[in-house]
Structure formats: structure tokens, C-alpha cells
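The structure appears below as C-alpha cells.
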Amino acid sequence: MDESALHRIFGPDGLLASRLDDYEQRDEQQKMALDVAQTFEWEQIALIEAGTGTGKSMAYLVPAILSEGRKTVISTHTINLQEQLVNKDIPFLVEALGVEISAVLVKGMNNLQSQSTTHACSISQAAAVAALNGPQDFIAGNNEIFKQRRDLVISLLKETTGLSCHTPEGAFYVYPSCAGVIGKTTPEGKKIESDDDFITYLLEAEGVAAVQGSAFGLSPYFRISYATSTEVLKEACSRIKKACDALA
């Protein structure tokens, strides 16, 4: 695709001008389109800087669409631009240019990438291998300690007005339900309307940090870790009970 072909599309009397009422011919846009087209043609890598108002999406979409037989991936984290490309710009250009292509928005790639690039680091992986292949004689003792901590936390929470808690079979945390305190009012006059409100109240009133169940889709529950000392757990549960008793 040469400069004259692009001028017939981007020029003041070109294809885009005939299809768009508010079209404004921009030399920077046509130059960028030529750079992108030459990058495709010569199978090279290009780093192109384009300022605001250049009309970047059209400048890379036109060469991409007209590059026959090529699959093009456009990566952007801007959701509005994603929707604009798939629902507006690409359908418009396909109709205007008279070509047949397929375009899809691969939103699932964001989930895949987040789980592929946020996994355990190499040091942690090596430590896990050492733990699996190393001595196992300490596991039974540690398991018993965690079981005792779990049972302690559950028993103390069950003594707390407004809370209930099932016994987990594993993990290092419990998920108490705070449904019994929803609708109650703090001493400062604030109404507890959700598990988010409740854990904020615990933090501000008694300095106890917990995680709201809504973060995991588990309202009206909240999460408490028992991977700490028995003394700390007793103190934390005592403070939670105090906070609940103060609700009216």
C-alpha cells in the first residue's frame, strides 16, 4: 500500500471524507498509516509516536484491514477504546472499504494474563519443591496446633452475639457470618448495612483487621485468619465480642 492509495482514503476528498460528515484531513494521520502499512509490508517492527488528535485508531486499522491474509492483534487496556474499535470503527471501515473480515474482542485474555503473570515467584516455587521433598515429620505437630487455633476461634466467635461460624475442614482462616448484626447501629450512630460496614467498624472501634466476604462473593460473611499466636487470637476475638456487644 503506497502513499497515493492512502491519500485516496485519508485525503480531503478521499473515502473517509465522503463517509464522515465531520471528517478532518490530518497529515499526521496519513503519515502514521503509511508507517504502519510499510511495517506490515516489510515485516518489521515499528515504534510510532503519535500525539493527541492524530486519529490513531483509523491510522492503524486501515492498513491492518487492507493487509490481505494477515491476522492482527490490537492490544489496549482502555475499555472504552476496546468497545469503540469492535462496535464502531471496525464495522464502519469494513463497510466503507468493501472488505470481509472478522474481529473479536478477547476480554478473557485479561483474566488469563492476570493469573499467568501474578503466580508465585521462582524463589517461592523452589521453596515449595524443597518443602514437598524435604522432611515431613513436623507436619503432624503443626497440624494439631492449627486445629487447636481453629477450634479456639470458632468457640469464641460462637459466644459472640450476632455471629455464627461453621467449622472449616482446612485452610488457615474461618468465615463467620455477621448476618445477625446487619441492621444494628454502632455507638457513633452508624447503621451496619453490610459485611463491609461491619469489618470497617471492627477496625475503627477495636483495631481488628478482617476481610469482608463481599470481596469473595460471600456476603454477609467475613474472613479471619488464625495463622498467628493463640494469645493474639484470644485478644482479637475478645475485641470482636466487645464490638458486637456495643451494637444496638
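Give me the angle, in degrees from 0 to 90, between the Cα long axis of helix 56-66 and the longest principal axis of the Cα atoms of the chain, rounded to the nearest 10. Result, in degrees: 70.
Normalised by the number of residues in the chain, the average gap of Cα pairs under 8 Å and 6 or more apart makes the relative contact order 12 percent.
Rounded to the nearest 20 debye, the dipole magnitude of the stretch 3-112 is 340 debye, with +1 charges on Lys and Arg beta carbons, -1 on Asp and Glu beta carbons, and the Cα centre as origin.
So I have [x] 1.01; [y] 0.97; [z] 1.25, and one of them is Rg/Rh (Cα atoms, Kirkwood Rh) calculated from this model. Which one is it? The listed entry that was calculated here is [z]. Hey, how many Å between the Cα centroid of the stretch 1-49 and the Cα centroid of the stretch 226-241? Using only Cα atoms to place each centre, the spacing works out to 66 Å. Its Cα centre serving as origin, the stretch 86-223 has a Cβ charge dipole (Lys and Arg +1, Asp and Glu -1) of approximately 180 debye. Running a GNM on the chain with Cα contacts under 10 Å, which residue among 163, 85, 47 ends up with the highest mean-square fluctuation? In the Gaussian network model the winner is 47. Near residue 222, the amide H atoms lying under 5 Å from its own belong to 178, 213; only residues 5 or more places off or on other chains count, and H is placed 1.01 Å from N. Would you mind checking the pairs 190/242; 184/242; 31/88; 147/184; 56/88 and listing those with alpha carbons more than 25 angstrom apart? Beyond 25 Å: 147/184.
Rule-based calculations on the coordinates, nothing more; no lab input. Note that the coordinates shown come from a computational prediction; the quantities given were computed from them, not determined experimentally. Glycine gets a Cβ as well: all are built from the backbone with ideal geometry, and neighbour counts include every protein chain shown.
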